[in-house]
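For reference, the structure is listed below as structure tokens.
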Amino acid sequence: MSDMAFRQALAGESSAALVRAEASSDALRRELTAERIQREFLEAKVQRQRTAIENLREEADAIPLLKSKIHDLEEALCAIQEKLSEANAELTARYRELAGMTKALLSEEEDHEEQRREAQKLLQIVRAILLEIYGAPAVMSRGWLARRLTRRLERERLFDSASYAARFPDVAAGGQEPFRHYIFHGLEEIQAGTR
């Protein structure tokens, strides 16, 4: 698979994952909005019930029948408060879920951006290598060509031999050329997290 096809496939997979995550987020937001409206409706109903109870209490001394109605309203109020408590718990859980999805989406976007930057850097390195190979005289030795390539990469700030050798002292101690080690071993080890 070519580098371009690989990048396009990776971008396609990342875009599809983002679309799915955004659709799921939108659906969850709609559910949360509906639940918030329901909660506000229940809170308004609770307030109306409290007002009604207070009015009935004022009249309870004069009309004993109202005491029974107050009791019924208090039971209804308890039931509404229980529903409100359940709605609040559900809303809290939904907000946590939305926060988790948002965090995962941001993390995926950061990963995608990091992969894009790494792919761009590798493409620049390949271009620099090809320019050096095709621009070098045919009679020059491999060592000369490797040194010339390393100088070009350092000049274009695509690779720093000194920093790489400092990060991986076993490379320099083994007499290996840092850029060659990076291409054949180091890049995979860094990406795999073994270095």
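Note on A5 and H185: with the Förster distance fixed at 22 Å, the Cβ-Cβ geometry gives a FRET efficiency of about 0.30.
If the segment from V19 to T102 were pulled out straight at 0.36 nm per residue, it would be longer than the present Cα-Cα gap by 28.6 nm.
Mean 1/r over all different Cα pairs, inverted: what Kirkwood radius does the chain give, in Å? The partial results should precede the final answer.
Details: mean 1/r = 0.0426 Å⁻¹.
For the chain, the Kirkwood estimate is 23.5 Å.
Our summary gives the chain a relative contact order of 18 percent, counting only alpha carbon pairs under 8 angstrom and 6 or more residues apart. Potential lengthening of the chain between A76 and R148 amounts to 17.4 nm, from the contour at 0.36 nm per residue minus the alpha-carbon distance. Straight-line reach from K121: taking Cα to Cα under 28 Å and skipping same-chain neighbours fewer than 8 places apart, the lysines in range are K103.
Only the coordinates and a few stated rules stand behind these numbers; no lab work does. Given the structure is predicted, the values throughout are model-derived calculations rather than measurements. Positions of Cβ are generated from backbone atoms using ideal geometry, with glycine treated the same way; all protein chains shown enter the neighbour counts.
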